[in-house]
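Asker: I'd like to ask you about the structure that follows.
The values are calculated or read from the model by the stated rules, or taken from the named source; none is laboratory data. Keep in mind that this is a model prediction, so the values were computed, not measured. Cβ placement follows ideal geometry from the backbone for every residue including glycine, while neighbour counts extend to all protein chains displayed. These accessible areas exclude ligands, DNA and RNA; they are computed on the full protein's heavy atoms, side chains included. Shrake-Rupley method; radii C 1.70, N 1.55, O 1.52, S 1.80 Å.
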Amino acid sequence: MFRVPARLRPAYDVVIIGAGGHGLAAAYYLAREHGISDVCVLEKGWLGGGNTGRNTTIVRSNYLTPEGVAFYDRSVQLWQDLGEDFDLNLFYSTRGHYTLAHTDASIRTMRWRAEVNKHLGVDSEVVDAAAVQEAMPMMDITCGGHAEVLGALFHAPGAIARHDAVAWGYGRGADNRGVEIHQNTEVTGIDVEGGRVTGVRTNRGQIKTRKVLCAVAGSTPRLTDMVGVRTPIYIHPLQAMVSEPMKPWLDPIIVSGSLHVYVSQSARGELVMGASLDPYELHSSRSTLDFAEGLCAHMLDLFPSLSHVRVARQWAGMADMTPDFAPIMGKTPVEGFYLDSGWGTWGFKATPICGMTMAHTVANDANHPLIEGFNLSRFADYRLTGEKGAASVGH
Ligand code: FAD
Ligand code: PYC
């Protein structure tokens, strides 16, 4: 898919840390949109081996804040012809997305989201319990009698895609345009002189550069410590699991915040399932039996007929959480050090728009207008972008 360059060069115009979807997309758009290809992407492991290759691939734009809705909507638009751009099948599949409401309070939040979405031209509406039952006759909408479904937010554009292929597509596209991708290359230090970036140190030697984009998701605090930038990011594990493959059974994507469960069915037939964050800070991607048992119990509340289906495997990623459940993007107090972080449990869907807006930000040394609501300075100014009610499942 891409070259394996033998040596690191002593200097690049731009160094991108992290070959996840976000770092690779930024490299791709830097080269394609801004003609900047003297770029290297440094990855301590393998391409797409972080949260990009661990997520449950849900793409949607039914957020709560106007800043969030506009941003994710642009991303959903970019997703539509990404496969053609790459000449690669991303298995992008529009399914429709139901966020179930089990209480009057969640019906209110769904109405709020639907109104903000519609106002910005995004296709979302509140539907009643009968519509949910009609779409999914196999669902027990009483949830065993203890958490009856009262309705849902239905978002027709909700989709899934093949996550690894997204990283491969952006990686190949960037490589074709002259970007170097160095795997097994860990950034161990970042040089700052007089308040601006001058280079990075790696396990394979030193590199001079005046621009560093940090796109390392669950490792963000380690990298920001290297340049003395403080963020309110905290790391929690987020786990997921898949069932054995089944015949096509579930078309839409289902999320229940109250039951802490979400599920879709992949092109391979697996039920792809997850829940909320593990309730403790931990820089680790271990998975637990406790999670698998809890998730299975809640899945069976909704779909009792699945009791004979076996779990095939489970895994975890490290989610870089922010207090308002919105990302931290753009310039920082250190000149030439740019952040694409705080992507927690919700950043896969944003991969294309993050790449595009961060490429613009790095190329022009000015934040792209679409990321203004996501600046680091919002925490000092008490101007949060509260997305907790829409980020993913309940946290
Ligand atoms: P990553 O893909 O994690 O890439 C960062 C890379 O940086 C890694 O490869 C890492 O090895 C590398 N790195 C770290 N430190 C260094 C260093 N010092 N030197 C060099 N390289 C380094 N989002 C959605 O939108 N929809 C979902 O359904 C969804 N489900 C999720 C389910 C799970 C279980 C998890 C864990 C996350 C989920 N997410 C979801 C969130 C999403 O996966 C992430 O927000 C997104 O993938 C982040 O992409 P990235 O490119 O920023 O980070
Ligand atoms: O962002 O839609 C999402 C999501 C679902 C599960 C994890 N993240």
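Asker: Give the Rg/Rh ratio for the chain, taking Rg as the radius of gyration of the Cα atoms and Rh as the Kirkwood radius, to two decimals.
Answerer: 0.97
Asker: Tilt of helix 351-364 relative to the longest C-alpha principal axis of the chain, in degrees (0 to 90, nearest 10)?
Answerer: In the chain, helix 351-364 runs at an angle near 30 degrees to the longest axis.
Asker: Heavy atoms of the protein only, probe of 1.4 Å, neighbouring chains included. What is the accessible area of residue 180 in Å², nearest 10?
Answerer: 30 Å²
Asker: For a Förster distance of 22 Å, can you work out the FRET efficiency between the beta-carbons of residue 104 and residue 156, rounded to the nearest 0.05?
Answerer: 0.35
Asker: Would you list the P(r) distribution for segment 277-333, with all Cα-Cα distances sorted into 5 Å bins from 0 and each bin expressed as a whole %?
Answerer: The percentages, shortest bin first, are 4, 13, 19, 16, 14, 14, 9, 5, 3, 2, 1.
Asker: Given a Förster distance of 35 Å, report the FRET efficiency between residue 120 and residue 280 from their Cβ-Cβ distance, rounded to the nearest 0.05.
Answerer: 0.45
Asker: A follow-up question, please. Tell me the net charge near residue 25. Cut-off is 15 Å between Cβ atoms, residue 25 excluded, with +1 for each Lys or Arg and -1 for each Asp or Glu.
Answerer: Neighbourhood net charge equals -2.
Asker: Take 341, 377 and sort them by solvent-accessible surface of the protein heavy atoms, 1.4 Å probe, largest at the top.
Answerer: Order by accessible area, largest first: 377, 341.
Asker: Defining a contact as two alpha carbons under 8 Å apart and six or more residues distant in sequence, what relative contact order in percent does the chain show?
Answerer: 24 percent.
Asker: Now for a separate question. Out of the total accessible area of the chain (probe 1.4 Å, heavy atoms of protein only), what percent is carbon and sulfur?
Answerer: Exposed carbon and sulfur together represent 51 percent of the surface.
Asker: Would any residue of segment 233-276 have its amide N under 20 Å from a label point 7 Å out along Cα→Cβ of residue 384? List them or say none.
Answerer: Under cut-off, by backbone N: 233-237, 257-258, 276.
Asker: Dipole size in debye (nearest 20) for the chain around its Cα centre, Lys and Arg Cβ +1, Asp and Glu Cβ -1?
Answerer: The dipole of the chain has a size of about 1000 debye.
Asker: Next question. With each run of n ≥ 4 DSSP H residues scored as -39500 (n - 2.57), what mean residue ellipticity at 222 nm is computed for the chain after dividing by its residue count and rounding to the nearest 500 deg cm²/dmol?
Answerer: That comes out to -8500 deg cm²/dmol.
Asker: Remind me, relative contact order of segment 7-50 in percent, using alpha carbon pairs under 8 angstrom and six or more residues apart?
Answerer: RCO, segment 7-50: 49 percent.
Asker: Do you know the relative contact order of segment 316-395, to the nearest whole percent, from alpha carbon pairs under 8 angstrom that are 6+ apart?
Answerer: Reported relative contact order: 36 percent.
Asker: Please compute the modelled spin-label separation between residue 111 and residue 184, points set 7 Å along Cα→Cβ, answer in nm with one decimal.
Answerer: Distance between the two pseudo-spin positions: 5.9 nm.
Asker: To continue, here is another question. So how do 162, 383 rank on accessible area, 1.4 Å probe, biggest first, that is with the largest at the start?
Answerer: Ranked from most to least accessible, the order is 383, 162.
Asker: Which residue, 197, 173, 214, has the largest displacement toward the positive end of the dipole of segment 136-224 when charges sit on each Cβ (Lys, Arg +1; Asp, Glu -1)?
Answerer: 197
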